[in-house]
Amino acid sequence: MEWRDQGILLSARKHGETAAIIEVFTETHGRTAGIVRGGISRKIAPVLQPGNQVDVTWRARTEDQLGTYTVEPIRSRSAALSDRIALAGLNATTSLLRFSLPEREAHHPLYIRSVTLMDLLAHPAAFPLAYLRWELALLEELGFGLDLTRCAVTGDMDDLAYVSPRSGRAVSTAGAGEWAPKLLPLPQCLLGQGPVIDTEILDGFQLTGYFLEHHLAKSFGDKPLPESRARFLDLLKRQTPAQ
């Protein structure tokens, strides 16, 4: 068995004396693990950094084996990681992909979105909003998408202010009525309306976090979300002035 693909390196850990086991989110083969011979050497170890774009060849005797990887660098993103927001955002992204993606299952639209997000690590000011929208795309790809197009009660497309915690559908102020306290606030930045302010982005993370925790994670048996996401949000909160 052999195939070649490109992907985002998600993780690398030492295996035995000289090898490493890596996970790569590839374009056409999904999240796949494999052994890299000599993976801790001075020559190869710098290539095996999470977030790097790589060209990989996977080989195994049978399809269900762990297999081995040959890795060639395409693009390093390590230069962007001197910024704390970028480093925390990288860790949150790669951890969520490892947490949520089934093995060896292609998710091409999410892969394209993830490559674009990784390339924005070099632009820390733009990264938080892009990451928030990426979380929406992750939920959509895995079957837990939010419908923010019109009110679930009235069918109107205007004055959308809430989201149902059960259905993930938007609700207008008029449609919410007395149920408003039981609904989740809908930040306008997710609707593409008006200027985007930092506190709205943080509110957006409360919304996506609810569905990641109570819908996506619950489908895995209530596994806790990766702590790296919480650390990323804590860092954003500390650097966001009160509005």
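The values are calculated or read from the model by the stated rules, or taken from the named source; none is laboratory data. It should be emphasised that the depicted structure is a prediction, and the values quoted were computed from it without experimental measurement. Cβ coordinates were reconstructed from backbone atoms using ideal geometry, including for glycine residues, and neighbour counts include every protein chain displayed. All accessible areas refer to the heavy atoms of the entire protein, side chains included, with ligands and DNA or RNA removed. Shrake-Rupley method; radii C 1.70, N 1.55, O 1.52, S 1.80 Å.
Within region 133-147, which residues are over 16 Å from PHE99 (Cβ atoms) and either surrounded by fewer than 17 Cβ atoms within 10 Å (Cβ to Cβ) or out of contact with any strand residue (DSSP E or B) (no Cβ under 8 Å at 6 or more places or on another chain) (or both)?
ARG133, LEU136, GLU140, GLY145, ASP147
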Say we look at region 94-119 and pick out the residues that are open to solvent by 50 Å² or more (accessible area, probe 1.4 Å) and in a helix (DSSP H, G or I); which of these is nearest to GLY209 (Cα to Cα)?
ARG98
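Among the residues that make up region 71-83, is at least one of them within 16 Å of the chain's Cα centre (by Cα), farther than 21 Å from PRO128 by Cβ and not small (Gly, Ala, Ser)?
no
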Expected single match for of a type in the set (Asp, Glu) and within 23 Å of LEU10 (Cα to Cα) among ASP198, ASP234, ASP203 is ASP234
Tally up the residues in region 183-206 that are part of a helix (DSSP H, G or I) and either of a type in the set (Ser, Thr, Tyr) or in contact (Cβ under 8 Å) with a residue 60 or more places away in the chain (or both), please.
6
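Restricting attention to region 187-194, does a residue exist that is closer than 24 Å to TYR111 by Cβ and open to solvent by 50 Å² or more (accessible area, probe 1.4 Å)?
yes
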Could you tell me whether region 69-81 includes any residue that is open to solvent by less than 70 Å² (accessible area, probe 1.4 Å), of a type in the set (A, V, I, L, M, F, W, C), closer than 20 Å to CYS189 by Cβ and touching a Ser or Thr at 6+ places or on another chain (Cβ under 9 Å)?
no
Checking the condition assigned to a loop (DSSP other than H, G, I, E, B) and among the basic types (Lys, Arg), which residue from ARG150, ARG133 passes?
ARG150
Could you list, in sequence order, the residues of region 208-243 that are under 20 Å from PRO165 (Cα atoms), open to solvent by 40 Å² or more (accessible area, probe 1.4 Å) and among the polar types (S, T, N, Q)?
SER219
Determine which single condition GLU178 fails, assuming it passes every other condition in (1) more than 23 Å from GLU213 (Cα to Cα); (2) in a loop (DSSP other than H, G, I, E, B).
(2)
